[in-house]
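Data first, discussion second: the structure below is written as structure tokens.
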Amino acid sequence: MLPRICIVTDRKLAGNDFLPYIKKLVKNGFQFIQLREKDLKPAELFDLAKDILEIGEGKIKLIINDRADIAYLLDAMGVHMGVDSIPSHIIKEKFEKLIVGISVHNKEELKRNKDFDYVFFGNVYETDCKPGLQGKGLTLLREIISLTDKPVYAIGGINPDNVLNVLKAGAYGVAVRSLPVRDFNGLIKLRKIIGE
């Protein structure tokens, strides 16, 4: 069973304190982490993922963005594919031991993917990570949820004030990127509301 909160990394937000920030997350019981560092070269991403797994001492369920090869080589939990990534069913065929997550922004993107283990849908609300991009809202979130039997995580502007709305809409869980860095207490509060 997947945890209901996924932490999406952003080194630029965390700055020089990135690995200490990962340690803080693990110490506070956050295990489901998506390494989303699109600017890194493969060798750099490999080294960073290895460091995170070592920090986790077997407790981290690490998902690596877009790099099934690195996830496989490091025995990470899985890989997360974007809209322009290799189709999820191909990854599932070739990397059977990895769980595969996908990001979608609309119903058409969801329908293009044939085999996956969980879904990120967003951005549900406006978010600092994508300034000026209007949130897609709860109605579309409900529609996405109705089209799959896989766990759907709401992402984009999720915080303690609106998390109950996405859960009531049927989201399995939430993914957060800026909240853990900017408001760690808010992240703890979020977990208490979700009950994880």
* For residue 37: the one exception among (1) modelled with pLDDT under 95; (2) in contact with a Lys or Arg (Cβ under 7 Å, 6 or more places away or on another chain) -> (1)
* From the list 166, 100, which residue is in contact with an Asp or Glu (Cβ under 9 Å, 6 or more places away or on another chain) and not acidic (Asp, Glu)? -> 100
* To do: Those residues that are of a type in the set (D, E, K, R) and surrounded by 12 or more Cβ atoms within 10 Å (Cβ to Cβ), I need them from the range 1-46; list them, please.
  => 4, 10, 11, 17, 23, 24, 36, 37
* To do: With the condition kept exactly as written, say whether any residue in the range 109-117 is part of a helix (DSSP H, G or I) and not basic (Lys, Arg).
  => yes
* In the range 164-178, which residues are buried (at least 23 other Cβ atoms within 10 Å of the Cβ) and either farther than 16 Å from residue 119 by Cα or in contact with a helix residue (DSSP H, G or I) (Cβ under 9 Å, 6 or more places away or on another chain) (or both)? -> 166, 171, 173, 174, 176, 177
* Starting from the range 29-54, keep only residues that are assigned to a strand (DSSP E or B), then list their pairs with residues that are of a type in the set (Ser, Thr, Tyr) whose Cβ atoms are within a distance under 9 Å, requiring at least 6 positions of separation or different chains. => 33/9; 34/9; 35/9
* **Scan of the range 10-28 for residues that are without any contact (Cβ under 8 Å) to a residue 40 or more places away in the chain and of a type in the set (S, T, N, Q), ordered by number** => 16
* Asked: List pairs: first in the range 155-174 and farther than 16 Å from residue 8 by Cα, second in a loop (DSSP other than H, G, I, E, B) and of a type in the set (A, V, I, L, M), Cβ under 8 Å, 6+ apart or cross-chain?
  -> 166/124; 166/158; 172/2
* Asked: Right, residue 101: part of a loop (DSSP other than H, G, I, E, B) and under 14 Å from the mean Cα position of the chain (by Cα) or not?
  -> no
* Lone qualifier among 193, 158 - being hydrophobic (A, V, I, L, M, F, W, C), in a helix (DSSP H, G or I) and at pLDDT 95 or above -> 193
* To do: Out of the residues in the range 80-98 that are touching a Phe, Trp or Tyr at 6+ places or on another chain (Cβ under 7 Å) and outside any helix (DSSP H, G or I), state the one that is surrounded by the fewest Cβ atoms within 10 Å (Cβ to Cβ).
  => 95
* Asked: Can you name the residue in the range 125-144 that is of a type in the set (Asp, Glu) and touching a Gly at 6+ places or on another chain (Cβ under 9 Å) and, of all such residues, is surrounded by the most Cβ atoms within 10 Å (Cβ to Cβ)?
  -> 126
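The values are calculated or read from the model by the stated rules, or taken from the named source; none is laboratory data. Quantities reported herein were computed from a predicted structural model and do not represent experimental measurements. Here Cβ is always computed from backbone atoms with ideal geometry, including for glycine, and neighbour counts include all displayed protein chains.
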